[in-house]
1. With the cut-off at 18 Å, report for the range A:232-277 the share of all Cα pairs above it, as a whole percent.
2. Filter the chymotrypsin sites (Phe, Trp or Tyr not before Pro) in the range B:260-345 down to the DSSP loop ones having no more than 16 other Cβ atoms within 10 Å, then list what survives.
3. Go through A:LEU85, A:LEU117, A:VAL240 and say which Cα lies farthest out towards the positive end of the charge dipole of the protein assembly as shown; charges sit on Cβ, +1 for Lys and Arg, -1 for Asp and Glu.
4. Where Lys and Arg each count +1 and Asp and Glu each count -1, what net charge lies around B:GLN54 among other residues with Cβ under 15 Å from its Cβ?
5. Could you estimate the translational diffusion coefficient of the protein assembly as shown from the Stokes-Einstein equation, with Rh from the Kirkwood formula over C-alpha pairs, at 4 °C and 1.567 mPa s, in whole µm²/s?
6. Within 10 Å of each candidate Cβ there may be at most 16 other Cβ atoms; applying that plus a DSSP loop requirement, which GluC sites (Glu not before Pro) in the range B:372-407 survive?
7. Kindly state, as a whole number, the per residue volume in cubic angstrom of the convex hull around the alpha carbon atoms of chain B.
8. Among B:ARG199, A:ARG63, B:ARG400, what is the fewest-to-most ranking by other Cβ atoms within 10 Å?
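Please treat every number below as a calculation from the coordinates, not as lab data. Predicted model only: the values in this text are computed from it and were never measured. Because the Cβ atoms are built from the backbone with ideal geometry, glycine has one as well, and the counts that use them run over all protein chains shown.
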Protein chains: 2
Amino acid sequence: MASLLRAAATLGLFPRRGYCSRGAQGELSKGFVEALKAVVGSSHVSTAAAHREQHGHDESMHRCQPPDVVVWPQNVEQVSRLAALCYSQGLPIIPFGTGTGLEGGVCAVQGGVCINLTHMDRILKLNPEDFSVVVEPGVTRKALNTYLRDSGLWFPVDPGADASLCGMVATGASGTNAVRYGTMRDNVLNLEVVLPGGRLLHTAGLGQRCWLQPHGALCGCHPAPAPSVDTTVHILQAAVPVARIEFLDEVMMDACNRHSQLNCPVAPTLFLEFHGSEQALAEQIQRAEEIAGHNGASLFSWAKEAEERRRLWAARHSAWYAALALRPGCKGYSTDVCVPISRLPEILVQTKEDLKASGLTGTIVGHVGDGNFHCILLVDPEDTEEVRRVMAFGEQLGRRALALHGTCTGEHGIGLGKQQLLQEEVGAVGMETMRQLKAMLDPQGLMNPGKVL
Amino acid sequence: MASLLRAAATLGLFPRRGYCSRGAQGELSKGFVEALKAVVGSSHVSTAAAHREQHGHDESMHRCQPPDVVVWPQNVEQVSRLAALCYSQGLPIIPFGTGTGLEGGVCAVQGGVCINLTHMDRILKLNPEDFSVVVEPGVTRKALNTYLRDSGLWFPVDPGADASLCGMVATGASGTNAVRYGTMRDNVLNLEVVLPGGRLLHTAGLGQRCWLQPHGALCGCHPAPAPSVDTTVHILQAAVPVARIEFLDEVMMDACNRHSQLNCPVAPTLFLEFHGSEQALAEQIQRAEEIAGHNGASLFSWAKEAEERRRLWAARHSAWYAALALRPGCKGYSTDVCVPISRLPEILVQTKEDLKASGLTGTIVGHVGDGNFHCILLVDPEDTEEVRRVMAFGEQLGRRALALHGTCTGEHGIGLGKQQLLQEEVGAVGMETMRQLKAMLDPQGLMNPGKVL
């Protein structure tokens with residue numbers, strides 16, 4: 001997809017100047033709010049507490065830090081003018097998509113102007129022969145696939161949530177299909193970026209990045225965590241072109257059963273989906289069954305109808321909410337490590353043991369095809385001791401992944417909670433290079449300050 | 001592949017300070033040469049005219065501009081110390097791989113120190129379960145695949161020449177397999193980079209990027225240029241997972257026949273290769289034959305044996321030398337445009353007409369699966385009028401590609417000859433951003449000065 005993503009939202013990265021547009025109480029001056037209204041129209045600017053509150057947090061346990069004002073631009077030119085205005089006044093800019101992030105990336109830690117991009121949700125140009133599409137930043141992945149339904153094409157990156165494509169660019173989203181179709185890095189061809197100050201940067205790139213809608217078949221199989229990964233590795237090594245792989249531990253499976261009214265056996269489960277012609281599918285399924293059997297795993301319930309497959313994946317996509325339902329009133333915290341696939345068995349087994357020993361409530365779900373898995377922990381945000389234990393668990397898991405030559409951020413980004421881990425991952429030269437790059441693009445440090453670096 | 005490429009060679013990018021290590025005649029001081037010898041050993045430093053001459057040019061018609069000295073480091077630590085030494089003395093650094101580039105990227109336009117990386121040619125670690133391999137920068141793509149032969153794995157990026165992997169990173173190499181396996185961007189996971197001044201930057205990334213050695217079948221078919229591309233597009237749209245596509249016009253086919261002792265019919269030819277199990281192959285071949293037939297193209301000579309396929313691809317890989325043999329004593333100039341695949345028919349037809357009208361000798365060969373094709377023009381470097389006409393032809397073709405939302409550089413990079421086209425392609429903001437980025441990483445402007453920007 002996205003031969004061109006009008007992605008003001010992808011800049012999110014950095015210290016700030018004084019708030020010359022603020023009054024004595026720190027509130028935004030009336031003149032500045034009027035200037036914002038002059039750009040986008042008065043109905044597309046809000047300083048209402050409810051709006052500010054709603055835009056000060058994402059789905060994670062990071063506490064709400066509201067912006068001073070929310071604006072809804074309608075086009076790139078308005079985003080450019082907003083960026084110029086904020087920069088001239090020394091006010092932070094925080095881009096906002098669907099708010100489904102998990103690392104506090106949208107929290108306005110220094111206040112400022114939240115630019116909500118969801119009104120920019122047009123699909124500008126589909127190029128079916130080139131397998132590419134030009135979209136605005138607020139288009140969500142589901143909206144894009146609904147639009148593509150009759151074209152025979154499909155955009156495969158699928159992080160679970162129905163996120164905006166600009167947010168998916170910002171975090172480098174991955175997902176269930178990454179094993180065959182790649183992540184956002186592989187599927188974004190070009191970006192049109194509004195730089196701080198308002199200038200437009202067009203990146204250059206070409207390629208084929210929409211995909212044909214596949215015929216497919218999905219199955220689940222029940223192994224223990226380590227054999228499930230052996231099965232994955234052996235299937236890949238046998239050149240079976242598996243399209244989607246997802247692992248759910250028994251706690252996650254149970255939660256999904258309840259939340260989405262499924263009847264799957266409560267056991268560690270590997271979902272495998274294969275894409276291809278009728279004949280190719282039959283061959284892939286036969287090979288997969290041989291390999292799973294060889295690893296002592298039992299396959300069950302092949303779902304070949306698109307509707308049935310959709311229902312099972314919808315359950316997976318609701319995993320976050322299914323996990324939250326395990327402890328109503330609690331918040332979720334998701335780890336996001338990714339390791340070389342050969343190291344997955346050991347880290348999964350160890351994490352499962354740590355989880356048990358910790359006494360915390362948590363589930364495991366993961367795109368094991370690319371080595372990425374999530375441990376979703378439930379936490380009472382008022383219980384500071386529990387919050388501390390959850391954070392410590394996340395840090396320990398992150399360090400274990402780094403020791404295995406993995407990364408602390410498979411697809412959720414760094415945001416607020418993983419700055420220390422990032423430093424350990426990329427080292428002093430890496431951090432300095434990223435800081436220089438950020439300062440080069442954003443000399444005043446007004447683009448989403450306080451994140452990542 | 002390349003979970004980690006020790007790639008001092010990928011820095012190649014920028015104005016310079018005074019040559020404080022030079023004598024009154026501009027030659028390097030004896031003390032500086034001794035200092036280089038202290039780093040890499042005296043047998044790995046040369047100021048001999050033959051060595052300097054050999055390192056001052058690539059395969060293109062860009063005139064030889066020799067460095068002052070050539071050094072052959074043996075490991076990363078030596079590269080780091082060389083970079084620190086050059087930077088402290090204000091001397092340009094030019095990385096050198098196999099010298100098979102086509103844009104004059106290795107020409108030492110301001111003299112300086114050429115760092116030849118071919119002695120760093122060890123394959124450091126193969127991770128078969130992770131489908132990744134760690135290599136030094138001087139490993140060539142053929143050496144890597146020879147090493148991988150018994151592992152069942154394969155590195156698919158194949159630009160034709162047996163280039164070094166560091167050079168392929170620097171130019172963003174593509175090739176015959178790009179349609180299915182992607183370009184260098186898709187296949188390089190991590191880099192260990194020596195920054196100017198000698199610090200080491202480790203990038204972070206994970207993924208599966210070696211591929212299983214495929215079973216395959218190759219065929220040629222004879223269409224006119226436009227139908228050949230229709231066939232390509234229709235095959236892709238029919239979800240036939242074609243692995244390699246290469247187009248040769250009749251002049252190129254004739255030249256390859258002569259140069260590589262083949263007997264292929266002299267006609268515009270599309271080579272198609274399919275990968276998969278016996279059963280999957282049969283299905284793909286049947287679909288491809290239907291589609292080619294529908295487009296009025298005739299398929300011929302399916303080659304299913306690896307040896308026969310190797311022989312045909314070897315002929316393609318020798319296309320540059322086959323073209324050079326059309327006018328012995330002449331130099332070659334290769335264009336490198338890439339357009340959205342839907343625009344390929346028109347630009348191929350137009351280029352063929354322009355070539356005819358120009359009276360120049362030239363062939364066309366291209367990885368049409370990703371919209372990239374090359375027009376190889378033969379030119380007498382002593383004939384300034386002909387050189388001018390060849391350059392004008394290249395610029396015109398580049399501008400035509402830009403008008404079709406394409407790029408002037410599919411895989412050869414910018415180097416010396418395409419700086420004006422790059423400016424037209426990325427615009428003022430793009431150029432300024434790249435210049436700022438270059439200046440940030442290389443504040444003294446000593447890394448391969450005079451290229452790209």
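1. On the way: 417 of 1035 pairs.
Result for the distance tail: 40 percent.
2. Sites meeting the loop and neighbour criteria: none at all.
3. Highest projection toward the positive end goes to A:LEU85.
4. Its environment carries a net charge of -2.
5. Result for D is 45 µm²/s.
6. Sites meeting the loop and neighbour criteria: B:GLU382.
7. On the way: hull volume 65.6 nm³, N = 453.
Dividing the Cα hull volume of chain B by its residue count gives 145 Å³.
8. Details: B:ARG199 15, A:ARG63 12, B:ARG400 18.
Least to most surrounded, the residues fall as A:ARG63, B:ARG199, B:ARG400.
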